[in-house]
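This report concerns only the one structure given below.
Throughout, read-outs are computed from the coordinates displayed, never taken from laboratory work. Everything numeric here is computed off the predicted structure, so don't read it as measured data. Methodologically, a virtual Cβ is constructed for each residue, glycine included, from the backbone with ideal geometry; neighbour enumeration extends over all protein chains shown.
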Amino acid sequence: MVLRAGDVDVDGVLAAYRSSRAQRALFDVRDDGAGAGYDELVDASGEVRPAWRGLAEGIGERGREGLDQLRAAVRGLVDNDGITYIQVDRHGEVVTDGDGTAVPGPWHLDGLPLVVSAEDWDGLESGLVQRSRLLDAVLTDLYGAQRSITSGVLPPSLLFGYPGYLRAARGIVVPGRHQLFLHACDISRGDDGGFTVNADWTQAPSGAGYALADRRVIAHAAPDLYERIGPRPASPWAQALRLALLDAAPEAAAEPVVVVLSPGIHSETAFDQAYLAGVLGFPLVESADLVVRDGTLWMRSLGTFKRVDVVLRRVDAEYLDPLDLRPDSRLGVVGLVEVLRRGAVTVVNTLGSGILESPGLTRFLPDLADLLLDETLQLPTAPMYWGGIGIERSHLVTKLSSLLIRPVNGGATIVGSTLSAAARADLAARIEAGPEQWVGQEFPQFSTAPSNYRSNGLSAAHVGMRLFTVAQRGGYAPMVGGLGYVVAPGNAAYRTNTLAAKDIWVLSPQRATVERAPVPAELPPPGATPSPTRAVSSPRVLADMYWMGRYAERAENMARLLTVTRQRYHEYRYRQDLEASQCVPVLLGALEAITGTVAGAAGVADDRAMIENAPSTLFSATADRHRAGSLAQSVDRLGSAARAVRDQMSNDTWMVLAGVERAVLRPWTTPPSSPTAAEAYLATAHSQTLAGMLALAGVAAESMVHDIGWTMMDLGKRIERGLALTALLRITVTTVRGADAEREVTESALVACESSVIYRRRNPGRVSVAGIAELVLFDAENPRSLIYQLERIRSGLKTLPGSSGSSRSERLIDELATRLRRLDPAELEVVTDEGERAALAELLDGMHAGLRDLSEVITAAHLSLPRGIQPLWGPDVRRLVP
């Protein structure tokens, strides 16, 4: 009998699972005739495996509808947390939009975890830790005594011919007992139920941040399952990583400063890097935030420099230093290798650790385990064949269609089963011509587990795992669990192309009474108290914060203007004979001018044409992210700026941004064919953006520390609000119109400025340009007025480093405020013979130009890197390491 729990229909669960498993022959290209793989859920007799009983009961209780709700809840939490992944195509190339910018896509997460029994985990943990110890010993040997070469175990060509071997790394030693700091390992379960290693990741392992974020999402989406099964926590591993980073600091560092070095927001795993930095509490930096001076690595912060002791790198080693390594790199720091040679900083994983990812070296790991550890490898790698050995070369050439072919020089992996007969013949000839350059590996095998990622209800999917370890003084500490994944069907699986992530739940041996420590408990090393780092305030970070403020304000202003324009268009589109209808072309002209499209000359024919084209204008100004100043462009760039400083943002930020991005950023290039659908999109996009920007302003005001980053964001907001206000008033109220048109235009402008209610209260039943100017230009108590923005800017500038009261930016803002205060609102009422309020127009033009100048001065003074050549080395003579 199949397990039942009370009235829970586990039989129904299994029936649905078996049905989907039978319908989905995921691996239909295997030459060995193997079935669907090891089944994680049920054993050979059809019984639910003990480790999966709790989950099977939970699935049965939820039923199909409950599983659909779980899937929706997971997707909502992923969106709200802003978990993203840069999209790649089937060739592994990053997907970009029209202007070449990488496209961040939503992170795909399966709502059902991958359960691992305590017994299976014991074996995995032991084998994983041993493999980390072995790779550490190999890394130490290859850049040290090289016994593996001199003993004849490892052919020299497999070391020196692989690009991951860096001669510049020879002589560089990481403090402590271990040279390999972080290790990630891709593992799957074969048809026989045993675990096999498919790949080791030692260059700059990714995925730990995703694993921690996935646990948070699944625990919140399915609290009943989480409580019922009680998986062992993964979060203690982050604490172990944090202590290990402090322990890795040079001996002279009394209060170590640790940073996480990222390639930037266009990296595939930008979220992973930022999230891990946030969990660790260490700043996320890019190359622009770091500089080498006097033989030391420094971080730009608060207009000064702060010494850096440890760098957790997520940049591939060859890009770390354009001086000693790859000269075309823009991701590294000039002179960093020399600082490493001096022992003035620790970079982990260390330079040269990428050699451990070589397929040629992997082939000889069992022999290296015997040589360096005098142990037998516990976790086997899928069988491999090196062309440099005659019998293996023969197998490699004759079995091309059933192998992964990997060049030892680091080239792309070739899936043999995808090759035509001619391509296989050509590859065989290339192997025969240079056999030492090729390694073949048996196709990986993947087990099957329940999933509800895509299909309604329950389905079967092939799964794998990425497990992590970090070096400790006493050994290696594994993350209990890791990053599970659903592999793509067919040949794509052999390139480890994944469809979705899975949280890994490791069971305790006796959950009710025993809770094993997930990592070795260690105290912080003596003298390794971390130096407090309030925030990274380099020009790069401050620029992103500044533009966050500008784009958020720009999106809010555009949403208000689009909303009132759309409303007036619908009100007057069929009543163009009314004088008040003139407000529609005026507002459309404002949209075109503000988004960089100059409107045609005024006139009846032009007005009618503008009204006729209003739907496309409104849609373009809303949805076209390539149109300057459009709502979509502002939201898109706001998201990019925020993601670049994710480690400094509140979690609530992503919930707000995700909702706005879902509403605005649609893959449309032309309006929907249905006017109803187009109007629904516009209404939703405008209202959601306005609500989102107001919420974001609240988060910034109430949840962010008002440090220099916040100040720079507020400066950007105030400058953008002043620019938008002056531009809008210049277009709408400087020209005299008929009474009805004047009333409708000024009312619309005030609505767009969020000042209509107080204006009507102060000026009941009349249109007064002086009243408008008094409220939105001169009223220091109105947070929407121009003078209010200038005073906030003045206050913010005083808090910036280098403020003296007479800096150029402070002089500029004083001049603008003084000019504004000298005017009388009544003077702005004067009309010329041409029907223009010239004094008002001159004032608005001057203020707009002055704010633009101010923005350029702030950028040059605080948001740009110094251009002068700085000395890399101090007065001491460089110490060269042979």
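When Lys306, Lys798, Lys502 are sorted by how many other C-beta atoms sit within 10 angstrom of their C-beta, beginning with the fewest, the order is Lys798, Lys306, Lys502.
Hey, what's the Cα Rg ratio for segment 313-359 versus the globular rule of thumb, 2.2 N^0.38 Å? Could you put the intermediate results ahead of the total?
Working: Rg = 10.6 Å, N = 47, 2.2 N^0.38 = 9.5 Å.
The reported ratio for this selection is 1.11.
Helix 808-821 axis versus longest C-alpha principal axis of the chain: approximately 30°, rounded to the nearest ten.
Ordered by packing density, taken as the mean number of other Cβ atoms within 10 Å over each peptide's residues, highest first, how do 146-153, 680-687 rank?
On the way: 146-153: 14.5, 680-687: 17.8.
With the highest mean Cβ count within 10 Å placed first, the list reads 680-687, 146-153.
Taking a straight Cα-Cα cut-off under 13 Å and skipping sequence neighbours fewer than 8 places away in the same chain, the aspartates and glutamates within cross-link reach of Lys399 are Asp31, Asp32, Glu442.
How big is the convex hull of the Cα atoms of segment 223-297, per residue, in Å³?
Working: hull volume 9.1 nm³, N = 75.
Spelled out: Cα convex hull of segment 223-297, divided by residues, is 122 Å³.
Going by C-beta contacts inside 10 Å, put Tyr494, Tyr788, Tyr319 in order with the fewest on the left.
Details: Tyr494 24, Tyr788 20, Tyr319 17.
By the 10 Å Cβ count, ascending: Tyr319, Tyr788, Tyr494.
Each of Pro450, His862, Gly58 was placed along the dipole of the chain (beta-carbon charges, centred on the mean Cα), and the one lying farthest toward the positive end is His862. Summary of packing: across the peptides 441-447, 713-719, the per-residue average of other C-beta atoms within 10 Å ranks them, highest first, as 713-719, 441-447. The length gained on full extension between Arg821 and Ala701, counted as 0.36 nm times the residue separation minus their Cα-Cα distance, comes to 40.4 nm. Apply the Debye scattering formula to segment 539-862, with a single equal point scatterer on each alpha-carbon and no solvent, then give log10 I(q)/I(0) at q = 0.08, 0.16 Å⁻¹. So the normalised log intensities work out to -0.37, -1.41. For segment 339-407, the Kirkwood hydrodynamic radius from C-alpha pairs, put into Stokes-Einstein at 4 °C and a viscosity of 1.567 mPa s, yields a diffusion coefficient of 88 µm² per second. Computed about the Cα centre, the dipole magnitude for segment 270-346 is approximately 260 debye when only Lys and Arg (+1) and Asp and Glu (-1) carry charge, each at its Cβ. With both labels modelled 7 Å from their Cα along Cα-to-Cβ, the Val830 to Ser616 distance reads 4.4 nm.
For Gln567 and Asp224, compute 0.36 nm times the residue count separating them, minus their Cα-Cα distance, and round to one decimal in nm. Before the final figure, lay out each step's value.
Values: separation 343, 0.36 × 343 = 123.48 nm, distance 4.69 nm.
Between Gln567 and Asp224, full extension yields an extra 118.8 nm.
Taking K and R as +1 and D and E as -1, what net charge do the other residues with C-beta under 14 Å from the C-beta of Tyr162 add up to? That sum, taken over residues with Cβ under 14 Å, equals -2. With K and R counted +1 and D and E -1, the other residues having a Cβ less than 11 Å from that of Thr346 yield a net charge of -2. Only Cα pairs under 8 Å and 6+ residues apart enter the sum, and on that basis the relative contact order of the chain stands at 15 percent.
Let me test this: with uniform point scatterers at the alpha carbons of segment 383-442, what is the Debye-based log₁₀ I(q)/I(0) at q = 0.16 1/Å? Each listed q corresponds, in turn, to -0.38.
How big is the dipole moment of the chain about its Cα centre under a simple scheme where the beta carbon of each Lys and Arg is +1, that of each Asp and Glu is -1, and everything else is neutral? Debye, nearest 20, please.
960
Computed from Cα positions, the angle between helix 675-703 and the longest principal axis of the chain comes to roughly 80 degrees. Think of each Lys and Arg Cβ as +1 and each Asp and Glu Cβ as -1; about the Cα centre, that makes the dipole of segment 539-862 roughly 740 debye. Once the C-beta distance of Glu781 and Ala609 is scaled by a Förster radius of 60 Å, the resulting FRET efficiency is 0.90 to the nearest 0.05.
Taking 25 °C and 0.890 mPa s as conditions, segment 424-509 diffuses translationally at an estimated 152 µm²/s according to Stokes-Einstein applied to its Kirkwood radius (Cα pairs).
Looking at the calculated P(r) for the chain, what percent of the C-alpha pair distances fall above 44 Å?
On the way: 158653 of 388521 pairs.
Beyond 44 Å sits 41 percent of the P(r) for the chain.
Fewest-first ordering of Ile389, Ile218 by other beta carbons within 10 Å of each residue's beta carbon gives Ile389, Ile218.
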